[in-house]
Amino acid sequence: MISLSDLKVNPGKVVNHAKDSHRPILLTSRGRGVAVVQGLEEFEKHGEELAFVKAIAQGLVEIEEGKYIGFAEAKEKLGLNKRGSAVGRIRNAIRQLY
């Protein structure tokens, strides 16, 4: 926690501490939290993680609603059944090893 007064005195130090510690810093005014300073890398990472969790949750809802397709159909829609595709070439190479 850092007061807004301390932030005004040395903002660069606060920002560098947030960036280097990879932890958010709570800014306070009159003893109450008013804002958070966070390094950009951590902010972006948090956004990506949140988007991933939302996608998982949406997928689970769709499964419960019966909105899904089988594995073979999914492969077909993604073009993974096409001969000569990268996945197909890898699969064939693996088969040749065994």
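The values are calculated or read from the model by the stated rules, or taken from the named source; none is laboratory data. Treat the numbers as computed from the prediction; the structure is a model and nothing was measured. Quick reminder, even Gly has a Cβ in these numbers, built from the backbone with ideal geometry, and neighbours come from all protein chains shown. When the accessible area is computed, the model is the full protein with side chains, heavy atoms only, and any ligands, DNA or RNA have been set aside. Shrake-Rupley method; radii C 1.70, N 1.55, O 1.52, S 1.80 Å.
Results, tabulated for the structure shown:
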quantity	calculated
Elements of type helices (runs of 4 or more DSSP H) contained in segment 17-98, each with 3 or more residues being touching a Leu at 6+ places or on another chain (Cβ under 9 Å), at pLDDT below 95 and among the polar types (S, T, N, Q)	none
Odd one out for LYS75 among (1) within 26 Å of ASN10 (Cα to Cα); (2) charged (D, E, K, R); (3) open to solvent by less than 60 Å² (accessible area, probe 1.4 Å)	(1)
In segment 1-16, the residues that are in a helix (DSSP H, G or I) and either of a type in the set (A, V, I, L, M) or at positive phi (or both)	LEU4, LEU7, VAL9, VAL14, VAL15
Matching residues, segment 31-49, being open to solvent by less than 80 Å² (accessible area, probe 1.4 Å) and on the phi < 0 side of the Ramachandran plot	GLY33, ALA35, VAL37, GLN38, GLY39, GLU42, GLY47
Inter-residue pairs, beta-carbon under 8 Å, first more than 17 Å from GLY39 (Cα to Cα) and in segment 1-29, second open to solvent by 70 Å² or more (accessible area, probe 1.4 Å), 6+ apart	LEU4/VAL34; THR28/MET1; THR28/VAL34
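Conditions (1) surrounded by 11 or more Cβ atoms within 10 Å (Cβ to Cβ); (2) of a type in the set (S, T, N, Q), marked per residue:
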| site | (1), (2) |
| --- | --- |
| HIS22 | yes, no |
| SER29 | yes, yes |
| LYS54 | no, no |
| LEU60 | no, no |
